[in-house]
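Visitor: Please read through the structure below; I'll follow up with questions.
No lab work stands behind these numbers, since they all come straight from the coordinates. In this text, all values refer to a predicted model and were calculated from it rather than measured experimentally. No Cβ is skipped: glycine too gets one built from the backbone with ideal geometry, and neighbour counts run over all protein chains shown.
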Amino acid sequence: MKNEVKINWKQSYEKWYSLSSSDKEKISKYLSKISSKKERENLFKKEPFARRIYVEKLHRFDNEDHLLLWLYTYEPEEKYPKVTTIARTKLTPDIDLLRIERPYGKEPIVIGYETKLLGKKRIFDPFYKGLGETLCYFRYGINQHGLLSEYHMMFPMKRKIG
């Protein structure tokens, strides 16, 4: 990009809550000016902390992997992303995030999450597909399931950043 702004992504990520509002706004505007997903992905490959700010701090999701990263970051307990096998059994559909809660003196609770990003067109197709996939989790011995869906970030980034 022309007139590229110099941002220390790692430091900005680590000190996000102590950054001034103007610095946060500068980062948000910089990321929002990168309109193509391909350009953003190239930046994220070079600067992994830029992706973490985009997803974790600004809550922007270009794809289901971004949504999964956000969920993985904020879910407590023991967790495993993109589970494709359990006890040598191939899972179809796979489980986007498997979380295990181990309450003291009780049986573990196994929770499976499915993430779906809803687009502008055919908004309900991914939702119903995700709902069907989460219902399939019970046959693998999952105690609880959840479907996390979010709209694709094709909208202007005009929210207040805190």
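Visitor: So how tilted is helix 21-33 from the main axis of the chain? Cα-based, degrees 0 to 90, rounded to 10.
Guide: Taking Cα atoms only, the helix is inclined about 80 degrees.
Visitor: Moving to a separate point now. Just in segment 61-92: which GluC sites (Glu not before Pro) are loop by DSSP and have at most 15 other Cβ atoms within 10 Å?
Guide: Here the sparse-neighbourhood loop sites are E77.
Visitor: How big is D, in µm² s⁻¹, for the chain by Stokes-Einstein at 25 °C and 0.890 mPa s if Rh is the Kirkwood radius over C-alpha pairs?
Guide: 139 µm²/s
Visitor: So how long is each side of segment 9-58 along the principal axes, counting just the alpha-carbon atoms, biggest first, in Å?
Guide: Ordered largest first, segment 9-58 gives principal extents of 30, 18, 14 Å.
Visitor: Could you pull out the pairs from K10/K79; K24/K121; K26/K82; K29/K82; K15/K57 whose alpha carbons sit more than 23 Å apart here?
Guide: Table pairs above 23 Å Cα-Cα are K10/K79; K24/K121; K26/K82; K29/K82.
Visitor: Shifting gears a bit: Below 8 Å, C-alpha to C-alpha, sequence gap of six or more: please give me the relative contact order for the chain in percent.
Guide: Averaging sequence separation for qualifying contacts and normalising by length gives 18 percent for the chain.
Visitor: Separation between the Q11 and K38 pseudo-spin-labels, each 7 Å from Cα along Cα→Cβ, expressed in nm?
Guide: With each label placed 7 Å out from Cα toward Cβ, I get 3.3 nm.
Visitor: Work from the charge dipole of the chain (Cβ charges, +1 for Lys and Arg, -1 for Asp and Glu, about the Cα centre) and give the residue of T84, Q11, Q144 farthest towards its positive end.
Guide: Q11
Visitor: Given a cut-off of under 8 Å on Cα pairs at least six residues apart, what relative contact order in percent is computed for segment 9-58?
Guide: Relative contact order of segment 9-58: 54 percent.
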